[in-house]
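Asker: Quick one: the structure is below, and I'll ask about it shortly.
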Amino acid sequence: MKLMFAADIHGSLSATRRVLAAFDASRAPWLVLLGDLLYHGPRNALPEEYQPAGVAELLNGYADRIIAVRGNCDSEVDQMLLTFPITAPWQQVLLENSRLFITHGHLFNPDEHPPLRRGDVLVYGHTHIPQAERVGDIFCFNPGSASIPKGGFAASYGLLEQEILRVVSLETSETIAQVAINH
């Protein structure tokens, strides 16, 4: 299975364009959005090309290929602009030998996660910092932020392909972090 992940777009039209171009190029059947799609949030500066309505319009063009969860900056008003559901606090994707527990990161994260089996993957955003590693018996994967990266990292997205989770720079397409999740 091939999946693409993006988190923390925060209303940036230019970041959305880059994410969707990477999604098209990836040929992944699903784009998994990890929340904080339209609003920049009170603690963040306005991202480049802040246009939440434009972001919604672009994402709606991919509505039948999106799996999304709600971020701490997402609201019912945001849902009114989007034609795909964003209000679930978490989703799960079942792989052959494990599952992906998909969430934004403000409710569940590496320090506070639901019961997961050995080899399961916690997929989250929220921190704007990429992560791809085994932590104890589980894997933790954060694709970083598409619009407001932190920790000195580049804007990024994530890919799952052939049991490899990779964080990829939106600017250079270079791998920032990766982990194999095969058992």
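Asker: All but one of (1) in contact with an Asp or Glu (Cβ under 8 Å, 6 or more places away or on another chain); (2) surrounded by fewer than 19 Cβ atoms within 10 Å (Cβ to Cβ) hold for GLY54; state the number of the condition that does not hold.
Answerer: In the conditions (1) in contact with an Asp or Glu (Cβ under 8 Å, 6 or more places away or on another chain); (2) surrounded by fewer than 19 Cβ atoms within 10 Å (Cβ to Cβ), GLY54 misses (1) alone.
Asker: Return yes or no: is ALA56 among the aliphatic types (A, V, I, L, M), within 18 Å of SER145 (Cα to Cα) and over 15 Å from the mean Cα position of the chain (by Cα)?
Answerer: Values: among the aliphatic types (A, V, I, L, M): yes; within 18 Å of SER145 (Cα to Cα): yes; over 15 Å from the mean Cα position of the chain (by Cα): yes.
Yes: the conditions hold for ALA56.
Per-residue answers, yes or no, for (1) surrounded by fewer than 20 Cβ atoms within 10 Å (Cβ to Cβ); (2) among the basic types (Lys, Arg); (3) not in a strand (DSSP E or B):
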{"position": "GLY105", "(1), (2), (3)": "no, no, yes"}
{"position": "LEU116", "(1), (2), (3)": "yes, no, yes"}
{"position": "LYS150", "(1), (2), (3)": "yes, yes, yes"}
{"position": "VAL179", "(1), (2), (3)": "yes, no, no"}
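Asker: With (1) touching a helix residue (DSSP H, G or I) at 6+ places or on another chain (Cβ under 8 Å); (2) closer than 22 Å to PRO130 by Cβ; (3) not in a helix (DSSP H, G or I) as the list, and ARG17 as the residue in question, which single condition is left unmet?
Answerer: (3)
Asker: Return the residues of region 47-72 that are in a strand (DSSP E or B), within 20 Å of GLY105 (Cβ to Cβ) and touching a Gly at 6+ places or on another chain (Cβ under 9 Å); say none if nothing qualifies. Spell out how you get there, then give the answer.
Answerer: Taking region 47-72 and keeping what is in a strand (DSSP E or B), we get 50, 66-68.
Those still in the list that are within 20 Å of GLY105 (Cβ to Cβ) too: 66-68.
Result: ALA68, single match.
Asker: Kindly indicate the residue of region 73-93 that is part of a helix (DSSP H, G or I) and either in contact (Cβ under 8 Å) with a residue 24 or more places away in the chain or buried (at least 16 other Cβ atoms within 10 Å of the Cβ) (or both) and also farthest from the chain's Cα centre (by Cα) among those meeting that condition. Steps first, answer last, please.
Answerer: So the first thing to find is which residues in region 73-93 are part of a helix (DSSP H, G or I), and the list is 76-81.
Keeping just the survivors that are either in contact (Cβ under 8 Å) with a residue 24 or more places away in the chain or buried (at least 16 other Cβ atoms within 10 Å of the Cβ) (or both) gives 78-79, 81.
Numbers: ASP78: 17, GLN79: 17, LEU81: 19 Å.
Top of the filtered list is LEU81.
FYI, it's all coordinate maths here, none of it is from the lab. In this text, all values refer to a predicted model and were calculated from it rather than measured experimentally. Ideal geometry is used to build each Cβ from the backbone, glycine not excepted, and the neighbour counts take in all protein chains shown.
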